[in-house]
Amino acid sequence: MSIFDYFRFVRQKGSASLAKERLQIIVAHERGKNTDYLPLLQKELIAVIGKYVAIDASQIKVELEHSGDCSILELNITLPGQTISASQKADVATAD
Amino acid sequence: MLFVFIFIKGKGKTLAEIIVVTSGKGGVGKTTTSAAFSSGLAMRGFKTAVIDFDVGLRNLDLIMGAERRVVYDFINVINKEASLTQALIKDKRVDNLFILPASQTRDKDALTEEGVAQVIEELQKTFDYIVCDSPAGIEHGALMALYFADHALVVTNPEVSSVRDSDRILGILASKSRRAEQGLPPIKEHMILTRYSPERVTRGEMLSVTDVQEILAIPLLGVIPESKAVLRASNAGVPVILDKESDAGSAYRDAVSRFLGESVPHRFIQEEKKGFFQRLFGGVEA
């Protein structure tokens, strides 16, 4: 098979199927990961907790994980002085 | 069915329905679609206002051939420097059609949510449809254009970046609109696929209608073929829907009919069979 045959093959198959494949992947990825609100959520959480306990930004971790149809929002807050039951986890399940 | 619809509209005036024409990506045909669709609704007898939300880069007036008749604009009305009746431009070709141009000099922060709400509320009392021509992007102007919408026409080209941006816009419609914030029934989404070339789809060079539908998963309102009539119309400042002979104009007329609840089969999706002489001498597209 010469190089000319290869280009003929690509032209026959067409680039549209490649476009569709790439789009399906990127769109699925972006739909699942719309986490624009995470930094703001983190900031507001610090403000609320800060009302009661003195903490700083480095002591709170906010993460969002996806598995199938379920999203898990994990909050990891370390209180100063003592560690409260290792970590406090809040699981929020939302339908994607 | 349709008769009953018009009857109700004519009798006890219900509030105007708000349609946003949006896409995320620029240059895909939002303004062309806004001009065509609003003209189409007006030609069907509905009193229609079309608003340009692209503050600083207004173009709707040019596409509709009203650029020399702009005195006051949307921002003037918001700032109470002019009344709505002063700012609305009555279309010269189509009855029932009014254009509210964007400001060319102010910046888009002048579009306050309260200001836009007031203008839309006032328009809703006397109009049947309000078409909001959104700017490209997902910034303030685009968000304001979609915020009050009941319907969204998502304008997409069969091309990767446009489809991706449309998907992003669908996410924003579902989360940042008034309907989403107030927990009302969601905005009705409609896909308008523009610059479609069935020949290239057959050759496997272009995403097909079904490909795009599979990815975006919203109902298809119309497929507008790639057409020389669109540039011709914009050169002349006449919405392409008024070009009765053209394929793009017919496609927009079909889309308006479907929007009004009529079932019209899709045209311009299949490649047209060329005749012997056309093949021989090369076809000239409409």
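The values are calculated or read from the model by the stated rules, or taken from the named source; none is laboratory data. What you see is a predicted model, and the numbers here were worked out from it, not measured in a lab. Here the Cβ is made from the backbone with ideal geometry for all residues, glycine too, and neighbour counts use every protein chain on show.
Data for the structure
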| read-out | value |
| --- | --- |
| Looking only at the range B:165-190, and only at residues there that are within 12 Å of chain A (Cβ to nearest Cβ) and of a type in the set (S, T, Y), the one that is nearest to B:E113 (Cα to Cα) | B:S175 |
| Positions within the range B:65-83 being of a type outside the set (S, T, N, Q) and assigned to a helix (DSSP H, G or I), in sequence order | B:E67, B:R68, B:R69, B:F74, B:I75, B:V77, B:I78 |
| Search result, residues across the range B:168-195 that are among the aliphatic types (A, V, I, L, M), within 16 Å of the chain's Cα centre (by Cα) and not in a loop (DSSP other than H, G, I, E, B) | B:I169, B:L170, B:L173, B:M191, B:I192, B:L193 |
| Yes/no for B:S162 being within 9 Å of chain A (Cβ to nearest Cβ) and among the hydroxyl-bearing types (S, T, Y) | no |
| Filter result (facing another protein chain (nearest Cβ under 10 Å) and part of a loop (DSSP other than H, G, I, E, B)) within the range B:196-216 | B:R203, B:G204, B:E205, B:M206, B:L207, B:S208 |
| Unique match (being within 12 Å of chain B (Cβ to nearest Cβ) and either modelled with pLDDT of 75 or more or at negative phi (or both)) among A:I3, A:I55, A:I46, A:I25 | A:I25 |
| Check on B:L193, surrounded by 15 or more Cβ atoms within 10 Å (Cβ to Cβ), under 19 Å from B:S166 (Cβ atoms), facing another protein chain (nearest Cβ under 10 Å) and not β-branched (V, I, T) | no |
| Qualifying residue in the range B:234-241 (condition: more than 14 Å from chain A (Cβ to nearest Cβ) and closer than 17 Å to B:H190 by Cβ) | yes |
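Yes/no per residue for (1) of a type outside the set (S, T, N, Q); (2) in contact with a strand residue (DSSP E or B) (Cβ under 6 Å, 6 or more places away or on another chain); (3) surrounded by 19 or more Cβ atoms within 10 Å (Cβ to Cβ):
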residue	(1), (2), (3)
B:E226	yes, yes, yes
B:N235	no, no, no
B:P239	yes, no, yes
B:L242	yes, no, yes
